[in-house]
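Here is the structure we will look at, set down as structure tokens.
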Amino acid sequence: MNDPRKLYVKSFGCQMNVYDSRRMADTLAPHGYAETAAAAEADLIILNSCHIREKAAEKIYSELGRVRRLKEAAAAAGRRLVVAVAGCVAQAEGEEIIRRAPAVDLVFGPQSYHRLPELLARAARDGKAVDTEFPIDDKFDHLAAPSAAATRARGVSSFVTVQEGCDKFCTFCVVPYTRGAELSRPVAKILAEIEHLAAAGVREITLIGQNVNAYHGEGTDGRPWSLARLLHRVAQIDGIERLRYTTSHPRDMDDDLIAAHRDLGTLMPQLHLPVQSGSDRILAAMNRRHSCADYRNTVERLRQARPDLALTSDFIVGFPGETEGDFAATLSLIDAIGFSGAFSFKYSPRPGTPGADMTDQVDEAVKSERLQRLQAAIDRNQAAFNRGCLDRTLDVLFERRGRHAGQLVGRSPYLQPVQVVAPAALIGEIAAVTITDIASNSLFGALAATPAPVFAPEPALAGAGA
Ligand code: SAM
Ligand code: SF4
């Protein structure tokens with residue numbers, strides 16, 4: 001038998017790209033490709049790109065400079081290295097990528113991953129291949145499942161895409177153009193995938209989608225199911241002890257989903273709910289279709305359902321027209337909510353989006369200065385949240401060995417990394433840990449003699465929220 005060809009996949013951007021990269025590797029495995037962590041020994045390099053901000057998109061071109069040198073070195077050694085660009089930059093720029101970077105053999109968008117073996121054959125035959133169609137067949141029907149060994153190697157926590165694309169058209173965002181219209185996968189297919197992962201030892205599932213709480217896939221009864229209903233059903237799968245979902249839009253946090261945070265013990269008390277700005281004027285210009293008061297009201301209902309909920313968010317500073325007053329409103333919202341963390345970005349005009357054509361663009365220096373102030377506010381929120389965990393006993397799902405001998409790293413229910421001296425046999429297990437120290441947003445703890453207290457809603461709150 002021939003040695004397997006070596007595949008190196010590098011993901012940029014969001015969790016959806018991480019998931020897609022794994023499914024590409026699974027699809028190529030039956031065609032004789034084994035994954036390698038060393039780009040220099042690869043026969044096929046796939047860069048799975050992100051187009052969300054200009055900086056993210058430009059990263060692909062600097063990475064392609066390095067890959068070109070690897071391709072030249074492989075050719076000098078008599079070896080053919082095939083270079084592919086996948087993902088949202090591929091979707092948005094298509095053939096332009098090959099014009100700018102002739103070392104690239106293959107360009108394909110997020111809806112074409114299942115055609116990868118055929119596209120590689122086409123590139124080998126014709127020299128180059130480009131595929132940025134939005135085909136009508138569902139790529140998920142054709143992507144191969146990972147082997148049990150590949151699943152185990154990837155750890156005890158896994159992403160599963162349940163929804164793709166977006167119909168919201170926020171004026172800053174390229175996703176509706178690069179990922180296409182919103183599409184929800186049928187429940188039966190999601191359950192089959194999660195059962196397969198659970199059988200291989202996965203303990204935690206994060207359901208992912210660009211707008212995951214808009215999920216409305218076909219249920220096992222032939223009717224559309226909401227994300228809440230899907231979560232309740234996934235919670236019944238043997239072996240799945242923790243559930244999360246991301247990324248949610250505030251407009252789609254319906255009553256059933258909020259109630260799931262109260263009723264579903266496996267649903268972790270942590271939610272990423274991007275608000276982007278604390279100014280109603282800017283939210284309207286962004287076409288977010290919710291006000292600051294709507295957001296605060298949703299958070300209040302969520303906290304009635306699950307008082308210890310850890311909330312994270314995304315923020316954009318310097319959206320066109322943002323004044324110092326608008327920015328001050330964002331800072332007040334941050335302190336009013338008390339986030340456990342957040343991602344924050346300077347507004348980046350994206351070609352083809354309405355925001356890019358707005359005339360009142362904000363100066364780069366102003367954006368940088370606001371970003372610094374915003375990040376300082378978030379850091380204060382995060383430090384306060386973490387301090388609140390000190391001396392508490394929390395359940396930790398151990399994921400891997402730590403950097404120091406005898407140390408394991410796991411995640412708290414609030415998604416914080418926790419480092420503990422513990423036996424390696426605990427990897428894949430949940431154990432009670434008392435938090436003893438905090439440094440740079442990492443928690444340190446010791447295995448506890450008694451179990452973590454079980455969360456129970458107060459009787460007065462038990463009927464609220466739904
Ligand atoms: N669907 C999610 C939502 O509605 O919030 C987020 C999707 S996007 C992949 C992740 C984040 O990137 C956004 O929440 C936003 O903060 C940021 N983002 C998107 N477009 C951006 C742009 N043009 N400039 C700066 N940040 C951007
Ligand atoms: Fe982009 Fe999210 Fe808005 Fe959709 S809801 S357009 S993915 S920011």
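The values are calculated or read from the model by the stated rules, or taken from the named source; none is laboratory data. What you are looking at is a predicted structure, and each value in this text was computed from that prediction instead of being measured. Every residue, glycine as well, gets a Cβ built from its backbone with ideal geometry; the counts of neighbours run over all protein chains shown. Please note that ligands, DNA and RNA were not included when accessible areas were found on the heavy atoms of the full protein model with its side chains. Shrake-Rupley method; radii C 1.70, N 1.55, O 1.52, S 1.80 Å.
In region 22-91, which strands (runs of 3 or more DSSP E) lie fully inside it and hold 2 or more residues that are within 30 Å of Arg350 (Cα to Cα)?
Passing ranges, in order: 44-49, 82-86.
Taking strands (runs of 3 or more DSSP E) that do not extend beyond region 411-458, which have at least 1 residues that are of a type in the set (D, E, K, R), under 25 Å from Ala383 (Cα atoms) and open to solvent by 20 Å² or more (accessible area, probe 1.4 Å)?
430-439
Could you please let me know if Leu230 is within 16 Å of ligand 1 (Cβ to nearest atom), of a type in the set (A, V, I, L, M) and open to solvent by less than 10 Å² (accessible area, probe 1.4 Å)?
Working: within 16 Å of ligand 1 (Cβ to nearest atom): no; of a type in the set (A, V, I, L, M): yes; open to solvent by less than 10 Å² (accessible area, probe 1.4 Å): yes.
Against the criterion (within 16 Å of ligand 1 (Cβ to nearest atom), of a type in the set (A, V, I, L, M) and open to solvent by less than 10 Å² (accessible area, probe 1.4 Å)), Leu230 does not qualify.
Of the residues Ala214, Ala284, Ala259, which single one is small (Gly, Ala, Ser), within 30 Å of Ser348 (Cα to Cα) and more than 23 Å from the chain's Cα centre (by Cα)?
Ala284
When only residues in region 245-262 that are within 12 Å of ligand 1 (Cβ to nearest atom) and part of a helix (DSSP H, G or I) count, which is surrounded by the most Cβ atoms within 10 Å (Cβ to Cβ)?
Pro250
Mind listing whichever residues of region 279-308 are open to solvent by less than 10 Å² (accessible area, probe 1.4 Å), touching a residue at least 60 places away in the same chain (Cβ under 8 Å) and out of contact with any Leu (no Cβ under 7 Å at 6 or more places or on another chain)?
Selection gives Met286, Ala305.
Please state which one of Thr178, Thr171, Thr151, Thr161 is in contact (Cβ under 8 Å) with a residue 60 or more places away in the chain, open to solvent by less than 40 Å² (accessible area, probe 1.4 Å) and away from ligand 2 (no atom under 11 Å from the Cβ).
It is Thr161.
For Ala103, indicate whether it is open to solvent by 30 Å² or more (accessible area, probe 1.4 Å), of a type in the set (A, V, I, L, M) and in contact (Cβ under 8 Å) with a residue 12 or more places away in the chain.
no
Report the residue count in region 310-324 for those that are in contact with a strand residue (DSSP E or B) (Cβ under 6 Å, 6 or more places away or on another chain) and away from ligand 1 (no atom under 16 Å from the Cβ).
Residues in region 310-324 being in contact with a strand residue (DSSP E or B) (Cβ under 6 Å, 6 or more places away or on another chain) and away from ligand 1 (no atom under 16 Å from the Cβ): 1 in total.
Restricting attention to region 374-420, report how many residues are small (Gly, Ala, Ser) and closer than 30 Å to Gly325 by Cβ.
Here is the first cut: in region 374-420, the ones small (Gly, Ala, Ser) are 376-377, 383-384, 388, 402, 405-406, 410, 412.
The next check asks that each one be closer than 30 Å to Gly325 by Cβ; those that pass are 376-377, 383-384.
Of the residues in region 374-420, 4 are small (Gly, Ala, Ser) and closer than 30 Å to Gly325 by Cβ.
How many of the residues in region 339-362 are over 14 Å from Ile316 (Cα atoms), β-branched (Val, Ile, Thr) and more than 13 Å from ligand 2 (Cβ to nearest atom)?
Total satisfying the criteria: 1.
Kindly list the number of the only condition in (1) under 30 Å from Gln91 (Cβ atoms); (2) within 24 Å of the chain's Cα centre (by Cα) that fails for Thr359.
(2)
Six or more apart or on different chains, Cβ under 9 Å: which pairs go from a residue in region 208-233 that's within 24 Å of Arg289 (Cβ to Cβ) and hydroxyl-bearing (Ser, Thr, Tyr) to one that's in a loop (DSSP other than H, G, I, E, B) and within 16 Å of ligand 2 (Cβ to nearest atom)? Could you list them?
That search, which allows pairs on different chains as well, returns Tyr215/Val162; Tyr215/Gly209; Ser226/Tyr215; Ser226/His216; Ser226/Asp254.
From the set of residues in region 263-278 that are in a strand (DSSP E or B) and either in contact (Cβ under 8 Å) with a residue 40 or more places away in the chain or within 8 Å of ligand 1 (Cβ to nearest atom) (or both), which is farthest from the chain's Cα centre (by Cα)?
Just the residues of region 263-278 that are in a strand (DSSP E or B), to begin with: 267, 270-272, 276.
Then keep just the ones that are either in contact (Cβ under 8 Å) with a residue 40 or more places away in the chain or within 8 Å of ligand 1 (Cβ to nearest atom) (or both); that gives 270-272, 276.
Details: Gln270: 14, Leu271: 12, His272: 10, Gln276: 17 Å.
Residue satisfying both the conditions and the ranking: Gln276.
Can you report the number of residues in region 183-207 which are part of a loop (DSSP other than H, G, I, E, B) and either more than 17 Å from Asp141 (Cα to Cα) or at pLDDT below 90 (or both)? Step through it out loud before you land on a result.
Here is the first cut: in region 183-207, the ones part of a loop (DSSP other than H, G, I, E, B) are 185-186, 200-203.
Adding the requirement that they be either more than 17 Å from Asp141 (Cα to Cα) or at pLDDT below 90 (or both) leaves 200-203.
Here the count works out to 4.
Only residues that are open to solvent by 10 Å² or more (accessible area, probe 1.4 Å) and of a type outside the set (Phe, Trp, Tyr): list them for region 214-227, please.
Result: Ala214, His216, Glu218, Thr220, Asp221, Gly222, Arg223, Pro224, Ser226.
Within region 335-356, how many residues are within 13 Å of ligand 1 (Cβ to nearest atom) and either open to solvent by 70 Å² or more (accessible area, probe 1.4 Å) or touching a strand residue (DSSP E or B) at 6+ places or on another chain (Cβ under 9 Å) (or both)?
Number satisfying all stated conditions: 8.
For region 146-160, which residues satisfy the criterion of being over 15 Å from Asp26 (Cα atoms) and modelled with pLDDT of 90 or more?
Residues satisfying the conditions are Val156, Ser157.
What residue, among those in region 1-18 that are under 22 Å from Lys55 (Cβ atoms) and open to solvent by less than 40 Å² (accessible area, probe 1.4 Å), is farthest from the chain's Cα centre (by Cα)?
Step one: filter region 1-18 for residues under 22 Å from Lys55 (Cβ atoms), giving 9-18.
In the following step, the residues that additionally are open to solvent by less than 40 Å² (accessible area, probe 1.4 Å) were identified as 9, 12, 16-17.
Values: Val9: 17, Phe12: 11, Met16: 5, Asn17: 8 Å.
So the residue we want is Val9.
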